[in-house]
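A.B. asks: Here it is: the structure, laid out below.
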Amino acid sequence: MSRITQFEPKFMPVGVLTGALQELTPRERRDPDPDLAIEEWLEFATDLDVDCIQLSAALHPSVADVPAEAMLDPVANTLDLREPFTQDRARRVQAASDSTGVAIADIGYFDNMLHEDPAVRRKKHEFMVRAMDAAALLGAPAVCGFVGRNQARSMDQNLIDFEESFIPLLKEAKARGLQYRVEQCPMPGWTAGDNFHNNIAYTPGMWIRLHQICEKCGVGDQLRIHYDPSHAILMGQDTRSIFQYLRDAGYAFLISGMHVKGQVIDSKGIAAWSYGGQTVGRGDWVSGEISPNPADLANSWLKQTVFCEHELPGTARHDPLAYLQNRTVDWLDHQLAARELLDLDVATTPLIVEHEYPRARVQDKNLLQPILAGSIAFTRSIDRAAACMYALQHEVMAAQGIPIQGVGRQAYRS
């Protein structure tokens, strides 16, 4: 006799990274009152109808080693950590979170933690530990960031550097009961040099290798991946194949966070420069030397932007052929694959919308609000559609022995 399973889809919470609007609170107001920026972002989040925010932290512009004009996507220090985050500060932020009903998903600090200059690296590590302290005081489960790359060393040598220098950061996370979730962007424009992969945790083969080092050092539970499908598209991959690879290798547990950001590949750019991006004549080198002008260094990002552009979910045309060719994110299959292949508690894993679509990065609250609200609504709707498909096919029908129709998107198929 068939068993009856009720239709009970499980939806993922939806949030937004506060870097989407960097100066929501003008600096002349928030510099003397650092936590005002968080309070006002939590209020803005209610207008966007999100469940949570990913709180962006960054070195204050007055002490940052990379000027904003050299960045593709300038970061936001919504969480100001020039001074340590105290229990009193935590109570103030928690009160704002409680009053708005918007949770703090985690704290994001995206920087090169393996910087080749020891003094610069030390400053970044000290700041990350402050971010961990803030996460612990706020009851957040994780910090989110990069590993980075030591530009003075080969990739194999960076594995040694990772064990010597990054493992201590993971021990700090362990002491606070936190995960360190790594976003896998290769960060090609981080340097004017020829390296494309400047964040060594850029792909599943490396995630597994790094996790093996972590397990040997007793911090295997701390290293996790904050998966962003835009970077898979950038490197010619697709979500389903990545998730299948992790499952096949016994690492389906590694992904524990999600950024929701797309990438749209320009086939004309690929024809001109391939997936390696523009290698000469970018403008970051002048007369055979790296330009001393910080603004010129932003041209290093032509390694990436010559053949692709970030997508804010919902803003790119529906393009079935592009999905099959891995030229843009197949959002519905992305959400299905997460449920079918990863070891996720979907009900507690937020989808964090990360807004980096250049032509929609307006920094006016009134102009940005309907853009973000539309993308967030799209993200929520796609996830609900995937949740319903999964529950119907893999729970309700499966319980009654009814087969799923068709074949569906397949991993490892080109």
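The values are calculated or read from the model by the stated rules, or taken from the named source; none is laboratory data. The structure displayed is predicted, hence computed values, not measured ones. Here the Cβ positions follow ideal geometry from the backbone for every residue, glycine too, while neighbour counts run over all protein chains shown. Note: areas computed on protein heavy atoms with side chains; ligands, DNA, RNA excluded. Shrake-Rupley method; radii C 1.70, N 1.55, O 1.52, S 1.80 Å.
A.B. asks: For segment 263-371, count the residues as N, evaluate 2.2 N^0.38 Å, and divide the Cα radius of gyration by that value, please.
C.D. replies: The reported ratio for this selection is 1.36.
A.B. asks: Once the Cβ-Cβ distance between Q94 and A249 is put in as r, and R0 is 45 Å, what FRET efficiency do you end up with, to the nearest 0.05?
C.D. replies: 0.70
A.B. asks: Restricting to Cα atoms and excluding each atom paired with itself, what does the Kirkwood estimate give for the chain in Å?
C.D. replies: 22.1
A.B. asks: Of V63, T18, Y245, which is farthest along the charge dipole of the chain in the positive direction, counting Lys and Arg as +1 and Asp and Glu as -1 at C-beta?
C.D. replies: Comparing the listed Cα positions along the dipole, Y245 ranks first.
A.B. asks: Of the candidates E43, E164, E172, which one comes out as most mobile in a Gaussian network treatment of the chain with C-alpha springs shorter than 10 Å?
C.D. replies: Fluctuation is largest for E164.
A.B. asks: Could you tell me the center-to-center distance, by alpha carbons, between segment 115-176 and segment 235-293 in angstrom?
C.D. replies: Result: 22 Å between the Cα centres.
A.B. asks: Express in nm, to one decimal, how much length is gained between Q369 and N195 on full extension, taking 0.36 nm for each residue of separation and deducting their alpha carbon distance.
C.D. replies: Residue separation times 0.36 nm, minus the Cα-Cα distance, leaves 58.9 nm.
A.B. asks: Which one of K303, K365, K261 has the biggest mean-square fluctuation once the chain is modelled by GNM with Cα springs under 10 Å?
C.D. replies: K365
A.B. asks: Follow-up. For segment 354-414, what are the per-bin percents of Cα-Cα distances with bins 10 Å wide, up to the bin holding the maximum?
C.D. replies: The distribution over segment 354-414 is 17, 29, 24, 19, 10, 1, given as percents.
A.B. asks: Rank by packing, highest mean first: peptides 291-302, 271-282, with packing defined as the count of other Cβ atoms within 10 Å averaged across residues.
C.D. replies: In decreasing order of mean packing, 291-302, 271-282 become 291-302, 271-282.
A.B. asks: Quick check: residue separation of S267 and I208 times 0.36 nm, minus the Cα distance between them. What number comes out in nm?
C.D. replies: Separation in residues times 0.36 nm, less the Cα-Cα distance, equals 18.1 nm.
A.B. asks: Solvent-accessible area per residue for the chain at a 1.4 Å probe radius, Å²?
C.D. replies: Value returned for the chain: 43 Å² of accessible area per residue.
A.B. asks: Ok, one more. Distance in nm between label sites at S381 and E83, each 7 Å beyond Cα in the beta-carbon direction?
C.D. replies: 4.6
A.B. asks: Of the beta bridges DSSP finds with both residues in segment 244-356, what % are antiparallel, to the nearest 5?
C.D. replies: Rounded to the nearest five, the antiparallel share is 65 percent.
A.B. asks: Right, next: How many percent of DSSP beta bridges within the chain run antiparallel, rounded to 5?
C.D. replies: 20
A.B. asks: Hey, rough spin-label estimate for F11 and N293, points 7 angstrom out along Cα→Cβ, what's it come to in nanometres?
C.D. replies: Going from the F11 label point to the N293 one covers 5.0 nm.
A.B. asks: If you don't mind, another one. Please give the Cα centre distance for segment 26-47 versus segment 335-414, rounded to the nearest Å.
C.D. replies: 30
A.B. asks: On to the next question. Could you check which residue among S62, S381, S267 shows the biggest mean-square fluctuation in a GNM of the chain with a 10 Å Cα cutoff?
C.D. replies: Judging by the Gaussian network model, the answer is S62.
A.B. asks: Which of the aspartates and glutamates could be linked to K365 by a straight reach, that is with a Cα gap under 13 Å, when you skip same-chain ones fewer than 8 residues away?
C.D. replies: E23, E40, E43, D47
A.B. asks: Based solely on its DSSP helices, what 222 nm [θ] is calculated for the chain when runs of n ≥ 4 H residues each add -39,500 (n - 2.57) and the sum is averaged over all residues, nearest 500 deg cm²/dmol?
C.D. replies: Estimated from H runs of four or more residues: -11000 deg cm²/dmol.
A.B. asks: Additional query: Compute the signed sum of charges (Lys and Arg +1, Asp and Glu -1) over the other residues within less than 12 Å, Cβ to Cβ, of A96.
C.D. replies: Combined, the nearby Lys, Arg, Asp and Glu give -2.
A.B. asks: Dipole size in debye (nearest 20) for segment 10-127 around its Cα centre, Lys and Arg Cβ +1, Asp and Glu Cβ -1?
C.D. replies: For segment 10-127, the charge dipole is close to 360 debye.
A.B. asks: What part of the accessible area of the chain, given as a whole %, is carbon or sulfur when the probe is 1.4 angstrom?
C.D. replies: C and S atoms contribute 52 percent here.
A.B. asks: Excluding same-chain residues fewer than 8 positions from K123, which lysines have a Cα within less than 22 Å of its Cα?
C.D. replies: K171, K174
A.B. asks: Taking the Cα centre of the chain as origin and charging only Cβ (+1 Lys, Arg; -1 Asp, Glu), how large is the dipole, in debye to the nearest 20?
C.D. replies: 820
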